[in-house]
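Notes follow the structure.
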Amino acid sequence: MVATEVERAVREGYERAREAYAALGVDADAALERARAVPVSLHCWQADDVTGFEAAGEAAASGGLLATGSYPGRARNGDELRSDLEQVLALVPGVHRANVHAIYAETGGPSGAGRRVDRDALEPKHFARWMDWAKGRGLGLDFNPTFFAHPKAADGLTLSHPDSGIRAFWIAHGIACRRIGEAMARALGSPAVVNLWIPDGSKDLPADRWGPRRRLVESLDAIYADSTGVDRSLCLDAVESKLFGLGSEAYVVGSHEFYLGYALARGLAVCLDMGHFHPTETVHDKLSAILAFADWLLLHVSRPVRWDSDHAVLFDDDVRAVFQELVRGEALGRVKVALDYFDASINRVAAYIIGARAVRKAVLYALLEPGDRLGALEAEGKGAQKLALMEEMKTMPFGAVWNMLCLRAGVPPAGGWMPKVEAYEKDVLAMRRGS
Ligand code: RNT
Ligand code: ZN
């Protein structure tokens, strides 16, 4: 089909779908526009398997992170990475931000490579290229300190390390990164989420679970101290827990309970990564519990398969349930949404697009729910009717509304984006030899 035919088919399909939703009291037009406006932060680390630019060819992510696969075309520098993100942005509908890790600093000359600046000495100027690019694109930036893939994290401990010198190094890194986030926010006129995740833990049974957690509290207090002068309205601080990691199977210092307590006690946000809980535990049930006490939280949308495997996000039950909960609780505005996965076994740009489109679909799907009707049925004790309506919603013409959202956003509806990615792979990714 040529473009105009596709367009006509989308419009026709949408008209019928709009009527079907209207019959249930749902305003599809309003849902579509609201769904477009929810910012989704695109993680830069899917493009290069969490390698970063510190030194060419340096081993990829450590600290329990593992990108598996060797699909050709990994981005090797900032320009390639930003080019991949451009390609993604051209094919995903809605508002996006970009999420950068400290290892993506460009510290050298014109090529961005060169002089190595250690993590404790990073400054906003080392991210000038990211800021310039984001400004040109009208994107907000988010930021993350990198507490892994570094000699001072070689034994899997950073902010909870027994050696005060090592802790001091990582504290300095944490503060430096908050300053960078603040600078990004100023430069772009949009507050930056700065999310802290550390790998600290132990592979086997620890004799002492208390000491590392005490030290972590002290280190975090130093990072988040008022004396740093970081403006909290620009640098939105979040802390990310984990249940276990590769090499920290028996004990993780920054567990969920630890960070939930810390964040509530100190007025920070928690980050819920969908891969960081027991496989039978669901993140969607935590939202109304945490947001009863916290102002906002950060969501790392990820897809764990048997473990925290960081597969590309799909439009699956878990992701749908998260956004349904947020819509039902009128809490979409109290959550910052970020993608977090790294799959090196498939075309990396397509992996981005699949995940970003899946999240936007889930937002739209949730907004198309007849919330008032479901709520009324529940309140009237009509459990069967409620369940039946929930079931019926699954076979509504959702795809027709999604296609219209894409059309309005100026990106290909349905699977129309894949040929573009295939062309990009042929013209650009395939030229990246030795990556
Ligand atoms: C690790 C955390 C963390 C990282 C990124 C790279 O388990 O999920 O968010 O994935 O910071
Ligand atoms: Zn995460």
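Annotations for the structure displayed:
- Among (1) buried (at least 23 other Cβ atoms within 10 Å of the Cβ); (2) in contact with a His (Cβ under 7 Å, 6 or more places away or on another chain); (3) not aliphatic (A, V, I, L, M), the one test that HIS276 misses: (2)
- Top-ranked residue in segment 228-242 [being in contact (Cβ under 8 Å) with a residue 60 or more places away in the chain and of a type outside the set (Asp, Glu); ranked as surrounded by the most Cβ atoms within 10 Å (Cβ to Cβ)]: ALA238
- In the condition set (1) away from ligand 1 (no atom under 16 Å from the Cβ); (2) within 30 Å of VAL428 (Cβ to Cβ), ILE166 is compliant with all but (2).
- Taken together, the residues in segment 245-278 that are within 13 Å of ligand 1 (Cβ to nearest atom), part of a strand (DSSP E or B) and either within 18 Å of the chain's Cα centre (by Cα) or modelled with pLDDT under 95 (or both) amount to 5.
- The residues listed here are GLU106, GLU86; of these, the one that is within 14 Å of LYS125 (Cα to Cα) and either touching a helix residue (DSSP H, G or I) at 6+ places or on another chain (Cβ under 6 Å) or at pLDDT 95 or above (or both) is GLU106.
- Of everything in segment 196-210 that is part of a strand (DSSP E or B) and within 16 Å of ligand 2 (Cβ to nearest atom), the residue that is surrounded by the most Cβ atoms within 10 Å (Cβ to Cβ) is GLY201.
- In segment 30-46, the residues that are part of a helix (DSSP H, G or I) and surrounded by 15 or more Cβ atoms within 10 Å (Cβ to Cβ): ALA31, LEU32, ARG34, ALA35, ARG36, CYS44, TRP45, GLN46
- When we screen GLY211, GLY112 for residues that are modelled with pLDDT under 95 and over 19 Å from the mean Cα position of the chain (by Cα), the only hit is GLY112.
- Selection from segment 376-428 of residues that are among the charged types (D, E, K, R) and not in a helix (DSSP H, G or I): GLU380, LYS382, LYS394
- A residue that is within 16 Å of ligand 2 (Cβ to nearest atom) and of a type in the set (Lys, Arg) occurs somewhere in segment 268-291.
- Note on segment 150-171: among residues that are in contact (Cβ under 8 Å) with a residue 40 or more places away in the chain and part of a helix (DSSP H, G or I), the one that is nearest to ASP208 (Cα to Cα) is ARG167.
- Across segment 87-104, the number of residues qualifying as out of contact with any Phe, Trp or Tyr (no Cβ under 6 Å at 6 or more places or on another chain) and either without any contact (Cβ under 8 Å) to a residue 24 or more places away in the chain or of a type in the set (A, V, I, L, M, F, W, C) (or both) comes to 7.
- Filtering segment 151-182 to residues that are in contact with a helix residue (DSSP H, G or I) (Cβ under 7 Å, 6 or more places away or on another chain), surrounded by fewer than 20 Cβ atoms within 10 Å (Cβ to Cβ) and under 19 Å from THR51 (Cα atoms) leaves only LYS152.
- Some residue of segment 135-153 being over 25 Å from the mean Cα position of the chain (by Cα), away from ligand 1 (no atom under 15 Å from the Cβ) and not small (Gly, Ala, Ser): yes
- Residues of segment 327-349 classified as in contact (Cβ under 8 Å) with a residue 24 or more places away in the chain, more than 16 Å from ligand 1 (Cβ to nearest atom) and more than 16 Å from the chain's Cα centre (by Cα), total: 7
- Residue match in segment 127-140 (condition: closer than 27 Å to ALA168 by Cα and either part of a loop (DSSP other than H, G, I, E, B) or free of Cβ contacts under 8 Å to residues at least 60 places away in the same chain (or both)): yes
- Some residue of segment 25-45 being touching an Asp or Glu at 6+ places or on another chain (Cβ under 7 Å) and either within 22 Å of GLY181 (Cα to Cα) or modelled with pLDDT under 95 (or both): yes
The values are calculated or read from the model by the stated rules, or taken from the named source; none is laboratory data. Since this is a predicted model, take the numbers as computed values, not measurements. Positions of Cβ are backbone-derived with ideal geometry, glycine not excepted, and every protein chain shown enters the neighbour counts.
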